[in-house]
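A short worksheet on the structure shown next.
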Amino acid sequence: MKHTPLYQAHVDAGGKMVDFGGWEMPLNYGSQIEEHHQVRNDVGMFDVSHMTVVDFKGAQAKTFLQTLIANDVDKLKIEGKALYSCMLNEVGGVVDDLIVYYQNDESYRMVINAGTTEKDIAWINAQADGFDVSVEPMFDLAMIAVQGPNARTKVFEAMPGVEDVCGELKPFNAASLGGLFVARTGYTGEDGFEIMLPEKSAEFTWKMLLEVGVKPCGLGARDTLRLEAGMSLYGSEMNDSVSPLEAALSWTVDLSNEDRQFVGRGALETLKDKGIEKTIVGLVLEGKGVIRDHQVVKTNIGEGEVTSGTFSPTMGKAIALASVPKGSEGLCEIEMRNKLVSAKIVKPPFVRNGKVLV
């Protein structure tokens, strides 16, 4: 099992450690629901050092990324600006979803998922053949996500100098400060920062945040928060055989430049012309119970399945994302313990910035 630089800090804080894609990570520090509310109502922090930062440098860094991912990095003109996208395979399936940050036309930073790192790096290196670009996985970096309505205030209090550089930073932008790379991004539906820093600085920074009252939160709360925020999870809403068009991620695909031939473009255009048969929707359970992954969903026009299900602490109801026939609407039924239970089909997100939206 792999450990992040903050492993001992989690053990010392009583974290319930579990296997997460080969990493021993904290599921919670006592109460997952309390940690969830902590982020929605105040501020919490997550160790996300298991995720991988990859730097791209070279004369053809931009040209390469324009072929590697489905969104167009040509949209990025300002230093630190971020873009969410997917890397696709030749059949249009998602190799991984990611965020890429612009530094200049010859320098970009990307954050990829923990469980797909080995596969991703191999895929990227294979695609990079023939391009004047270096692919540098930054395994010596840690990452701390500080999230919640009071996240920015607490980061500025704990980390001197950050406010001077990041005080005016807009969402989906990043700034560098010494060895820090501070991005106003997150995976919770709340404001906050994802801070990339040298692994040797991680424990000290974590302690500084603890001292100003930022509470540590585990991966359990991170998952319920992202699901309330309607954010997709790789391996659940999308995978190597599911395209972004079928995963309600069409907005992450840019087909406007007809000369830009990114990997999987042909397959996506064929699928678009044919018309997709499935899409991702939100579900809210009408009665009691908890919706679980892979339960069968029966809609007004056919069957689908739950891709991510949980109990929403903010709403006090069971919610889910589900892959269903395109055009499904109104009420549906979910097979739960050999019974059919009624649920309402809604458009995610369920909760953003502390507000219930459905």
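Which is charged (D, E, K, R), over 17 Å from the mean Cα position of the chain (by Cα), under 24 Å from residue 108 (Cα atoms) and assigned by TED's automatic domain parsing to the domain that holds residue 31, of 215, 170? Break it down into steps so the answer makes sense when it comes.
Numbers: 215 fails: under 24 Å from residue 108 (Cα atoms).
It is 170.
Residue under question is residue 55, and the condition is that it be in contact with a Gly (Cβ under 9 Å, 6 or more places away or on another chain), among the charged types (D, E, K, R), more than 28 Å from residue 218 (Cβ to Cβ) and outside the structural domain of residue 169 (by TED's automatic domain parsing); does it hold? Step through it out loud before you land on a result.
Values: in contact with a Gly (Cβ under 9 Å, 6 or more places away or on another chain): no; among the charged types (D, E, K, R): yes; more than 28 Å from residue 218 (Cβ to Cβ): yes; outside the structural domain of residue 169 (by TED's automatic domain parsing): yes.
It is false that residue 55 is in contact with a Gly (Cβ under 9 Å, 6 or more places away or on another chain), among the charged types (D, E, K, R), more than 28 Å from residue 218 (Cβ to Cβ) and outside the structural domain of residue 169 (by TED's automatic domain parsing).
The rows are residues; the columns are (1) aromatic (Phe, Trp, Tyr); (2) outside the structural domain of residue 215 (by TED's automatic domain parsing); (3) buried (at least 20 other Cβ atoms within 10 Å of the Cβ).
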{"residue": "108", "(1), (2), (3)": "yes, yes, yes"}
{"residue": "118", "(1), (2), (3)": "no, yes, no"}
{"residue": "121", "(1), (2), (3)": "no, yes, no"}
{"residue": "146", "(1), (2), (3)": "no, no, yes"}
{"residue": "149", "(1), (2), (3)": "no, no, no"}
{"residue": "156", "(1), (2), (3)": "yes, no, no"}
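In contact with a helix residue (DSSP H, G or I) (Cβ under 9 Å, 6 or more places away or on another chain), within 25 Å of residue 12 (Cα to Cα), surrounded by 19 or more Cβ atoms within 10 Å (Cβ to Cβ) and charged (D, E, K, R): is that true of residue 184 in this structure?
Values: in contact with a helix residue (DSSP H, G or I) (Cβ under 9 Å, 6 or more places away or on another chain): yes; within 25 Å of residue 12 (Cα to Cα): no; surrounded by 19 or more Cβ atoms within 10 Å (Cβ to Cβ): yes; charged (D, E, K, R): yes.
It is false that residue 184 is in contact with a helix residue (DSSP H, G or I) (Cβ under 9 Å, 6 or more places away or on another chain), within 25 Å of residue 12 (Cα to Cα), surrounded by 19 or more Cβ atoms within 10 Å (Cβ to Cβ) and charged (D, E, K, R).
Counted as qualifying within the stretch 146-242 are the helices (runs of 4 or more DSSP H) with 2 or more residues that are β-branched (Val, Ile, Thr) and over 24 Å from residue 350 (Cα atoms), namely 151-158, 162-166. Residue-level check: of (1) in contact with a helix residue (DSSP H, G or I) (Cβ under 7 Å, 6 or more places away or on another chain); (2) among the hydroxyl-bearing types (Ser, Thr, Tyr); (3) surrounded by fewer than 18 Cβ atoms within 10 Å (Cβ to Cβ), residue 63 misses just (1). Pull out all pairs, ordered by first then second residue, where Cβ-Cβ is under 9 Å, the residues are six or more apart or on different chains, the first lies in the stretch 298-312 and is on the phi > 0 side of the Ramachandran plot, and the second is in a strand (DSSP E or B) and modelled with pLDDT of 95 or more. Matching pairs, first to second residue: 302/324; 302/325. With respect to the conditions (1) surrounded by fewer than 20 Cβ atoms within 10 Å (Cβ to Cβ); (2) in contact (Cβ under 8 Å) with a residue 24 or more places away in the chain, residue 45 lacks only one, and its number is (1). Considering the conditions (1) among the β-branched types (Val, Ile, Thr); (2) in a strand (DSSP E or B); (3) under 30 Å from residue 270 (Cβ atoms), residue 91 is excluded by exactly one of them, (2). Residues in the stretch 242-275 that are free of Cβ contacts under 8 Å to residues at least 60 places away in the same chain and among the basic types (Lys, Arg) were compared, and the one that is surrounded by the fewest Cβ atoms within 10 Å (Cβ to Cβ) is 274. Considering each residue of the stretch 187-214, count those that are surrounded by fewer than 19 Cβ atoms within 10 Å (Cβ to Cβ) and touching a Pro at 6+ places or on another chain (Cβ under 6 Å), and give that number. Within the stretch 187-214, residues that are surrounded by fewer than 19 Cβ atoms within 10 Å (Cβ to Cβ) and touching a Pro at 6+ places or on another chain (Cβ under 6 Å) number 1. Among the residues of the stretch 312-358, those that are in contact with a Phe, Trp or Tyr (Cβ under 8 Å, 6 or more places away or on another chain) and either of a type outside the set (Val, Ile, Thr) or in a strand (DSSP E or B) (or both) comprise 312, 315, 317, 318, 319, 356, 357. Kindly provide the set of residues from the stretch 122-166 that are closer than 30 Å to residue 353 by Cβ, hydrophobic (A, V, I, L, M, F, W, C) and in contact (Cβ under 8 Å) with a residue 40 or more places away in the chain, ordered by number. Passing the criteria: 141, 142, 143, 144, 145, 146, 151, 155, 158, 159.
Restricting the stretch 89-101 to residues that are touching a helix residue (DSSP H, G or I) at 6+ places or on another chain (Cβ under 7 Å) and crowded, with 20+ Cβ neighbours inside 10 Å, the residue that is farthest from residue 174 (Cα to Cα) is 92.
The values are calculated or read from the model by the stated rules, or taken from the named source; none is laboratory data. Every value quoted in this text rests on a predicted model; they were computed, and no experiment measured them. Note that we place each Cβ from the backbone using ideal geometry, even for glycine, and neighbour counts take in every protein chain shown.
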